[in-house]
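Below is one structure, written out as structure tokens; the observations come after it.
Here, each number is a calculation from the coordinates, and none is a lab measurement. Remember, predicted model here, so these are calculated numbers, not experimental data. Note that each Cβ is placed from the backbone with ideal geometry, even for glycine, and that neighbours are counted across all protein chains shown.
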Amino acid sequence: MHLGALFIASHVLTSGSVRETARRFQLSPSTVSTAIHNLETELAMKLTERASGELATLIASGRVLEGLEPIMAAIGELGQWAGHDGAGAEIDEAWTSRIPVKIVTMERFLEVADQGSINRAARRLRLGQPQLSLQLANVEKFLRHRLFERQAQGSVPSPRTGLGHAAMAFSYERAPNRRRRSQDITAADSLPVIVDLVANHGYVSFLGRVSAMPIADKVRIVDLDEHLPMSYHVAFNHRKAAADACAMIIEAAARITSETVVCTIRPADAGARETAA
């Protein structure tokens, strides 16, 4: 559905009147009725019915209105960004009700922003690159703003429009459950960071039992069918303090695993030697 039609349908469900909505948005009653009908078709759910010539909203409409709240807020922000805000904090309802941009097009815009490339986004979306480029061009034409800077290495949100920040805010804050397709694989060299990504951000990782157990109440821990033997080594330079620290680490590791830990000690100015704890 178009964002404008969603805005119209939301107002009808709130006001309970097609004619009042039509007058307010300067539209024909048939256009307003079509918006409601399209929303019911999309949801496969009856939201309104006519009784004695009057429009009555059904119980399901309340749940739908709740679900539309974040979308309505985002539509309002889009209108304000595009310069179509009315008096005070009000938005230009006549303009907003005529936004011809579909939700799926906004999802595709976010995909391009995530990927930093129209070509990569098109492959991920299984669309033709010309088709995606045309959709973005139509959005830019309607908003009268350039959304992306086309560069040799890809397309990025235009800094002149401020959409770089806006895209990320919409992607992460407005839709916290939206899959972050550009972050399928993330490299992190800090164990606390990795544990946080797994516990709080939906990532999957191989973790040692010592690292996984503190977050066992937040995640599902799956034991591997086969034991994976892994070899760990401690490396340090020629300083005595580093050598003492190495010995402490070996001893601590032995206590944790209750197994023999083999450590390859590699001083900077000497050959390697094996030390067992």
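Points worth noting:
- Environment charge at Ser61 (Cβ cut-off 12 Å; Lys +1, Arg +1, Asp -1, Glu -1): -1
- Scanning residues 5 or more positions from Phe148 or on other chains, those with amide H under 5 Å from its amide H are Ser158, with H placed 1.01 Å from N in the peptide plane.
- Sparsely packed trypsin sites (Lys or Arg not before Pro) within the stretch 1-76, loop by DSSP, other Cβ within 10 Å at most 11: Lys46
- Theoretical gain in end-to-end length, Asp217 to Phe142 [0.36 nm per residue, Cα-Cα removed]: 22.1 nm
- Cβ-Cβ FRET estimate between Ile103 and Ser30, R0 fixed at 22 Å, reported to 0.05: 0.45
- Approximating the spin labels as points 7 Å out from Cα along Cα→Cβ, the Leu65-to-Asp92 distance works out to 2.8 nm.
- Under 5 Å from the amide H of Lys102 lie the amide H atoms of Leu3, each residue being 5 or more positions distant or on a separate chain, with H modelled from the backbone and absent for Pro and chain starts.
- Applying a DSSP loop filter and a limit of 11 other Cβ atoms within 10 Å to the GluC sites (Glu not before Pro) in the stretch 1-90 leaves Glu90.
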